[in-house]
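Take a look at the structure set out below.
The values are calculated or read from the model by the stated rules, or taken from the named source; none is laboratory data. All values derive from a computational prediction rather than experimental measurement. Ideal geometry is used to build each Cβ from the backbone, glycine not excepted, and the neighbour counts take in all protein chains shown. Only protein heavy atoms, including side chains, enter the accessible area calculation; ligands, DNA and RNA are left aside. Shrake-Rupley method; radii C 1.70, N 1.55, O 1.52, S 1.80 Å.
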Amino acid sequence: MANGSDSINMHGGMSYLFQKTKEQWLAEGDAHYQVKRYEEALEAYVNVLLIDPNAAAVYNRKGFALLKLRRNEEAFDAFSKARDAFEFDIHLHPTDAEAYTGKGLALHGLDRTQEALKAFERALELDPLNAETYNGIGLVLAASGRDKEALDAFERAILRAPTHATYYTNKGTILVKLKRYAEALGSAERAIQLAPTDAEAYSVKAHALRKLKCYTDALGVYERLLALNPNLEQAWMNKAEVLKHLGRSKEAQQAYETVRRLAKRRWIGW
C-alpha cells in the first residue's frame, strides 16, 4: 500500500505503474473513492501523479483522500501543490474557469475559506453555468456551518448538471443536517439511481431512514453499503443500532464486535 509519498517501490515498480494509462489510474482512483476505499484511491492517485506530475486536479483528489485517512499534514501538502499548479494554469490561461474552480477546492482543503470563495466567484464570472463551481461553493459553505446557503449552492449545481450523482448526495447530506429527512431520502435515492455504487449516497439514505424510524429499510441499505465496502466502521456501528431497534440483539452484538475488530486493525495500522 502506498504511504502517500510519490514512490514506486511497490507492486513491481515502473513496470506496474505503466500497466495502465494515466486515465485508467484516475478512473480506478475515483471508483475506489466513491465506495470509500480511500487507501486504494490514494494509491491510484499517486500513480497518476507519477505519470503526470502536473495533473493539478489530481493533487486535489489526493488531498481529499488523505483527509479521509486522517493524514492531515500530507493532505495539506497535496492541497498546497494543487493550489500552486492551478495558479500556474491560471497564469497561462487566465480565463479558464475550471482552473479557478480547482484552485478554490485546493484552498478549501487548506481551510482558507474566504480565498476559496473568491476563486469560485471568479470562476462564475467566467462561466456562470459551471456546475462544479457551485458544488465547490456548497462544500465550503457547508464546512463553515452555512447550511442553508450550501443547500442553495448544491441545488444550483443540480440545476446545471441534473445527472451528476455527487451533487444529489451533497444535497442530501445538507438536508440531513437541516433535519429534513424525507427530502434527504429523496435526494439520496436519486443519487443512487444515477450512481449505484455511490457509498456516500447509501450512507445518507440509511441515516435518513433511521431518523424516520424506518429501521427495516435502513438495515437493508446498510447491508448494501457494507457489500460495497465491508470495512466501514461507522456503517457497522449504525447497523448495530438499527438491529437493536429491531430487537435483534445477538446480531447487533456481532456487528459491534466487527466495529471493535476494524478499530483495532486501524490503530495497529497507524
> Looking only at Cα atoms, what is the convex hull volume of segment 29-188 per residue, in Å³?
Replying inline: 109 Å³
>> For a protection proxy built on the mean count of beta-carbon atoms within 10 angstrom, sort 151-157, 87-93, 132-138 highest first, please.
In response: 132-138, 151-157, 87-93
> By accessible area of protein heavy atoms, probe 1.4 Å, what ranking do 236, 25 get, highest first?
Replying inline: 236, 25
>> Among the listed pairs 118/148; 22/118; 36/62, which have their C-alpha atoms separated by more than 23 angstrom in this model?
In response: 22/118
>> Quick check: convex hull over the Cα atoms of segment 117-212, volume per residue in Å³, rounded to an integer?
In response: 80 Å³
> For segment 173-270, how many pairs of lysine residues have a Cα-Cα distance under 28 Å, where the two are 8 or more positions apart or belong to different chains?
Replying inline: 25
> Can you give the charge dipole size of segment 112-270 about its Cα centre, rounded to the nearest 20 debye, using +1 on the beta carbon of Lys and Arg and -1 on the beta carbon of Asp and Glu?
Replying inline: 760 debye
> residue 177 versus residue 39, label points 7 Å from Cα toward the beta carbon: distance in nm?
Replying inline: 2.9 nm
> Using 19 Å as the cut-off for backbone N distance, which residues of segment 177-196 belong to the label zone defined by a point 7 Å from the Cα of residue 159 along Cα→Cβ?
Replying inline: 187
>> If I ignore ligands, DNA and RNA and count only protein heavy atoms, how much of residue 127 is accessible to a 1.4 Å probe, in Å² to the nearest 10?
In response: 50 Å²
> When the helices in the chain are scored as -39500 (n - 2.57) per DSSP H run of 4 or longer and the sum is shared across all residues, what 222 nm value do you end up with, to the nearest 500 deg cm²/dmol?
Replying inline: -24500 deg cm²/dmol
